[in-house]
Each structure stands twice: as structure tokens, then as C-alpha cells.
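Enquirer: Let me begin by handing over the structure; questions about it come next.
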Amino acid sequence: MSKKLTKRAEDYSKWYNELVVKADLAENSAVRGCMVIKPYGYAIWEKMQAELDRMFKETGHQNAYFPLFVPKSLFEAEEKNAEGFAKECAVVTHYRLQNDPDNPGKLRVDPEAKLEEELVVRPTSEAIIWNTYKGWIQSYRDLPLLINQWANVVRWEMRTRLFLRTAEFLWQEGHTAHATEAEAITEAELMNNVYSNFAENFMAIPVIKGLKTESERFAGAVETYCIEALMQDGKALQAGTSHFLGQNFAKAFDVKFTSKEGKQDHVWATSWGVSTRLMGALIMTHSDDHGLVLPPNLAPNQVVIVPIYKTDEQFDEVSEVANTIMSDLRARNISVKYDNRTTFRPGAKFAQHELQGVPLRIAIGPKDLENGTVELARRDTLTKEVVALDALAEVVEGLMTTIQNDLYKKASDFRAEHTTKVDTFEEFKDVLEKTGGFILAHWDGTNETEDKIKEITKATIRCVPEDSVEESGVCVFSGKPSNRRVLFAKAY
């Protein structure tokens, strides 16, 4: 299976597209620009959901659900937000079909069933949620309001790629209301830290936290916090965002509260979200020319056991030991699958599990039973070792942590090797062309310079890094004074 994969060095984009399909993660659907997430891909997404959901609830948030459709008048209430998403909106204009008199057996839109007001299919839910919050918030006692929803959204994309950019995608979106500006800023920063924590400790993806520039901010936000990851082809991927919305949406929807002092004021807001785009980040950060490489924390099956046998009697003997291994591993909270399919040879099973990125593979046959051993293979390093049966559970448990940490270190080392400081525009273009990756360069802070650099190089300012220090210098493009470096890259 993996031998048919295009090599990353030959065509990275083709490698990615092939891997998503061949590893049974997702496929294109009959609806242009939309995808079908297959069971194996959805199992990974479910593990992401479960961990994020736990983290959200630990920080005081609750889940709710809001309508898919947003009346156009509500959508356009916050002008910057409406303008920012206008070109990506799908719009419902009618509510009924009828038989087509000119084409028997076919249907047409009933011209008499035009909606009084068009409905926007949500590209994001601020409008419908803030209209709802108006009825939920009256007093300081109702604050803070900390709500998250797991949902699908639609952004009409013309050029799509599975997981990275599709017309419909899955995500979570948090929407919170606060009594003070300081509380809302703290919330936005907290959730960006939650995303960073999740990416690094769960997905084994190192990220850079920072602030977006004015032109890259979420439409309607005062500040956008983000986490940026570096893919193996040297391009950046925005892995999550958290927005401080100020009072913009509260004023647009007249959401006020009475303070302890009896004064009325508009609430302060945040929104934050990550999507199935994280699946793309996972694939492109860790995987290789043999297929997926999954960190143990995200693998649907952390261990797979493959029996080697020739006779039914040998199969029964191997299965008895395999079942004992499964029980021992599950007792240690390790997910394990026994691949006892009789329709595939061991070699085909090895190839499939390698392609699908199962972190550890155990092969066991009659000779292993005689010796009291198994063959243990690591997916990340493609190495094998013989392990005694009585030590297996402990070894596997230790390797779960080792593999998780090794994948993070490998990705972190790659990022370090592909992060370059430059001081001139010639250096900037040279690095971008030859090695890619993150570029740390001075910028004069103007939209004009940012736009010009993007126009010439296709590189954008990914963020102003949170840990950047003040440093006198001059802008790589304009030569004007600058007091810190920002992070540039070409991006998905």
C-alpha cells in the first residue's frame, strides 16, 4: 500500500492528498468541495474532541447548540464581521421544492416559496449567539457566560483540499461574555494557551503563540491570538485562534448588563475555535513516505497484534496468548486491536497498519510461543525488537510515553532547523525560496509594507510571537525603524 504513495520530496501536495485517501481518513463527496470523513479519520477526530472537551470543561465552559441558519439581518448587524465573511456565505432563499411540469420526474424550486428574509448558513455563529445572549444576560450575576458548541460551518471555498480547506467542516466555537475588558482578555489568552497545550502535549506538534496583525485579525475582533505550526514542506498552518472581541458584538446586538453599582454597560466578549484542519496539521507534521505516523495520544489503536500461523491449531494457540496480552494492555488503559482477519496475510496487515500509523505492532507466532517472546515494531522509527512476554505490558506502556515525546522532539528540531533570522529583503527572499520555514524579520508595523511583502513573496506575517523581545532594527522591506521581529512564512 505505502509503496504506491508519492514521495514527499517528489510532490508534497500529491503525497498529502493520496495519504488522506489511502489511509482511509476521508474522501471527496458528491457535494463539490465537501468531504466524507471515514470511520478511521473520524475516530482520530473523536479523540481530539474528547480531550479538548475535557479541557474546556475543566476551565469552566459548558456546551450548548445554536441554529445552523442565521437571518441575514442578524448576520449583517456587526458590519466588519458581515463584510469579512460575505463572499464565503451560502444563502437559503426558498423553503420548498415542487414537481417540474417541464421535466417529468424532476424537481424545481417552487417560485412561490421564497423566504421573506434570506438565511445565511453559518460561516461562524457570533451573530445568532449574540442575538440569543441578549435574552440571557441582564445582570452581573449572569456573568461570566462561558459557552462552547461543537458544530459544522460552511464557508464557500472554490479551491478545496481534504481537511485543510473544505466548504463544510467540523469545529468547536467558544463564545463568552464578561463584565470587564480585563476578564475578556484573560479569557482569550487562556483559551489560546489551552490550544497550545493541546497541540503540544496531545498532538505532539510544537506551536508558536502570538498575536495576528490588524489585516490578519478575525473580522470584528479587537485582537486575535493564534497558534502557528510548521509543516514538513516549510509552510505554516494556523492551528487555532482565540479572539478578544471588545464590545463590538455586544453593541451590535445591544447586550447589556447591570453592574453591582447599578450602572448599565455592554458586556465584553471573546470567541475561539479549532477545526478538522487539525487533522491536516497532524498528518503533515509527523507522517512519512510510508504513510501516517500517529502520536499514541491520538491513535484509535495504539497497539495492533498480528498473529502468524499456518494451521487452525496454531491460530487458536496464538489467539489465546494474544487475548491475554490485550487484557494486560487494556488494564493499563492502552487501546489495542487483535487483527485476526483470515482474509489477509500477515504482510498485507503489516502494510495496512503501517500506512494507518498504528504506533506499535506486535507480531506473534508459534516460535514466539515456544520462546516466550514477541516481535515489537515501532511505527515512528520503523525499528523492531524481540521482547519477553512477561515484560511486554511494561515495555509497551513505557513506549507510549517515549514515542509521544520523540515525535514532539523530532517536530521541534525540524522547526528549529527551519527558523531563520534575516535582516535584508534579499536574505528574506533567498531563505523563502531555498529552505522555506519560519522567518523572523523586522517589520515597520504598516499594512502597506505587509501587503507589499505578501504580493511579492506570497509570505504573510503569521503572528507577532508572544515571546518576542524588543530589539532595535529596521524593516526588511521599507528600511523604517522597527522594535521587534515578527514571524513570516508561506502558509496553508
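Enquirer: Taking only pairs six or more apart or across chains, which ones have beta-carbon atoms under 6 Å, a first residue in the range 397-420 that is at negative phi and touching a residue at least 12 places away in the same chain (Cβ under 8 Å), and a second residue that is in a helix (DSSP H, G or I) and open to solvent by less than 40 Å² (accessible area, probe 1.4 Å)?
Expert: Once the first residue is at negative phi and touching a residue at least 12 places away in the same chain (Cβ under 8 Å) and sits in the range 397-420, its partners that are in a helix (DSSP H, G or I) and open to solvent by less than 40 Å² (accessible area, probe 1.4 Å) give 407/286; 411/285; 420/431.
Enquirer: Output the residue which, of all residues in the range 433-480 that are polar (S, T, N, Q) and within 16 Å of residue 227 (Cα to Cα), is surrounded by the most Cβ atoms within 10 Å (Cβ to Cβ).
Expert: Result: 460.
Enquirer: Just need a number here: residues in the range 409-420 that are in contact with a helix residue (DSSP H, G or I) (Cβ under 9 Å, 6 or more places away or on another chain) and open to solvent by 70 Å² or more (accessible area, probe 1.4 Å).
Expert: Number of matching residues: 1.
Enquirer: Looking at the range 87-123, which of its residues are in contact with a Phe, Trp or Tyr (Cβ under 9 Å, 6 or more places away or on another chain) and among the aliphatic types (A, V, I, L, M)?
Expert: Scanning the range 87-123 gives 90, 92, 113, 115, 119, 120, 121.
Enquirer: Moving to a separate point now. Give the residues of the range 216-237 that are within 27 Å of residue 127 (Cα to Cα), surrounded by fewer than 21 Cβ atoms within 10 Å (Cβ to Cβ) and modelled with pLDDT of 95 or more, sorted by residue number.
Expert: Those that are within 27 Å of residue 127 (Cα to Cα), surrounded by fewer than 21 Cβ atoms within 10 Å (Cβ to Cβ) and modelled with pLDDT of 95 or more: 216, 217, 222, 223.
Enquirer: Now a separate question. Taking the range 333-356 on its own, how many of its residues are among the hydrophobic types (A, V, I, L, M, F, W, C) and more than 33 Å from the chain's Cα centre (by Cα)?
Expert: 1
Enquirer: Quick test for you: out of 429, 421, pick the one residue that is within 23 Å of residue 216 (Cβ to Cβ) and in contact with a strand residue (DSSP E or B) (Cβ under 7 Å, 6 or more places away or on another chain).
Expert: 421
Enquirer: Would the range 183-190 turn up any residue that is more than 18 Å from residue 226 (Cα to Cα) and either surrounded by 17 or more Cβ atoms within 10 Å (Cβ to Cβ) or of a type outside the set (Phe, Trp, Tyr) (or both)? Reasoning before the result, please.
Expert: In the first step, residues of the range 183-190 are kept if they are more than 18 Å from residue 226 (Cα to Cα); the result is 183.
Remaining after also requiring either surrounded by 17 or more Cβ atoms within 10 Å (Cβ to Cβ) or of a type outside the set (Phe, Trp, Tyr) (or both): 183.
Among the residues of the range 183-190, at least one is more than 18 Å from residue 226 (Cα to Cα) and either surrounded by 17 or more Cβ atoms within 10 Å (Cβ to Cβ) or of a type outside the set (Phe, Trp, Tyr) (or both), which makes the answer yes.
Enquirer: Looking only at the range 332-363, how many residues end up being over 26 Å from residue 406 (Cβ atoms) and of a type in the set (Gly, Ala, Ser)?
Expert: Number of matching residues: 2.
Enquirer: A further question on this structure: With the condition being over 20 Å from the mean Cα position of the chain (by Cα), I'd like the strands (runs of 3 or more DSSP E) fully within the range 1-116 carrying at least 1 qualifying residues. Step through it out loud before you land on a result.
Expert: Values: elements: 26-28, 35-37, 69-71, 90-94, 97-99, 107-109.
The qualifying strands (runs of 3 or more DSSP E) are 69-71, 90-94, 97-99, 107-109.
Enquirer: Does residue 118 meet the test of being touching a Ser or Thr at 6+ places or on another chain (Cβ under 7 Å), farther than 30 Å from residue 190 by Cα, of a type in the set (Asp, Glu) and modelled with pLDDT of 95 or more?
Expert: yes
Enquirer: Give me the residue from the range 148-182 that is surrounded by fewer than 19 Cβ atoms within 10 Å (Cβ to Cβ) and of a type in the set (Val, Ile, Thr) and, out of that set, farthest from residue 32 (Cα to Cα).
Expert: Checking each candidate, the answer is 180.
Enquirer: Quick one: which strands (runs of 3 or more DSSP E) lie wholly within the range 279-387 and hold at least 1 residues that are touching a residue at least 60 places away in the same chain (Cβ under 8 Å) and loosely packed, with under 13 Cβ neighbours inside 10 Å?
Expert: Passing ranges: none, list empty.
The values are calculated or read from the model by the stated rules, or taken from the named source; none is laboratory data. The model shown is predicted, which means the values in this text are computed figures rather than measured ones. Backbone-built Cβ (ideal geometry, glycine too); neighbour counts: all protein chains shown. Ligands, DNA and RNA are excluded from the accessible area calculation, which covers all protein heavy atoms including side chains. Shrake-Rupley method; radii C 1.70, N 1.55, O 1.52, S 1.80 Å.
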